[in-house]
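Structure first, then comments.
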Amino acid sequence: MYLQVSGKQIDVGDALRTHVEEGLSETISKYFDRPVDAAVTFSRDRHEYIADLSVHLPTGLSVQAKSRAPDIYASFQGATDRMEKQLRRYKRRLKDHHRNRENPIEAIGAQSYVLAGGQSEEVEPDTLQPVIIAEMETKVPELSVGEAVMQMEISGSPLLVFRNEKHGGVNVVYTRDDGNIGWIDPLNT
């Protein structure tokens, strides 16, 4: 398993790094026997530590969990517990999707842009062109609708853009205000 442990303005010592490696290996090995990639980032917000876990599973999906606590070890344990709950909830579906899939999940590269937020009402914009603050490379995975919903839920995202493996078109699943899941499937004509 490839594991990256880092801290944002926090020195992550060997003891914490070893604790994270052992704890994460133990948790993930309950559900997957193949190696995975994981990143754990610690940060501090006033009197609390924040542990942010991101684990790339052998099925091609990713799980993310985050936790806050006054102690850095407790924040990691909280995030690990959340991740384990997600894996336990989706274990059967993860294994079923992985068993049916002959090839790993493929993804195409796409550009992602961060645009400047709302302008002040007092200042009239000169143009309707948005101001690009940042450009990033992102991946758009090719998934079934069920896999997309599962990926969106286990990553904690409010929406997911994906290529529908049935017809190759770009689709979106999202969490609606009423708690249900919405699915956008444009006509591919």
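Where a number appears in this text, it was derived from the coordinates with a stated rule and is not lab data. The shown structure was predicted, so the numbers you read here are calculated from the model rather than taken from an experiment. A quick note on method: Cβ atoms are made from the backbone with ideal geometry, for glycine too, and the neighbour counts reach across all protein chains shown.
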Order by neighbour count: SER67, SER157, fewest other Cβ atoms within 10 Å first, most last.
SER157, SER67
Calculate the dipole size of region 2-100 relative to its Cα centre from +1 charges on Lys and Arg beta carbons and -1 charges on Asp and Glu beta carbons; express the result in debye to the nearest 20.
660
Net +/- balance of residues flanking GLY182 in space, Cβ distance below 15 Å, scoring K and R +1, D and E -1
-3
Debye sum, Cα scatterers, region 2-100, no solvent: what log₁₀ I/I(0) at q = 0.16 1/Å?
-0.64
Please give the calculated 222 nm ellipticity per residue for the chain, where each DSSP H segment of at least 4 residues contributes -39500 (n - 2.57) and the sum is spread over every residue; nearest 500 deg cm²/dmol?
-10000 deg cm²/dmol
Any lysines whose Cα falls less than 27 Å from that of LYS139, other than same-chain ones fewer than 8 residues away, would be LYS8, LYS66, LYS85, LYS91, LYS95, LYS166
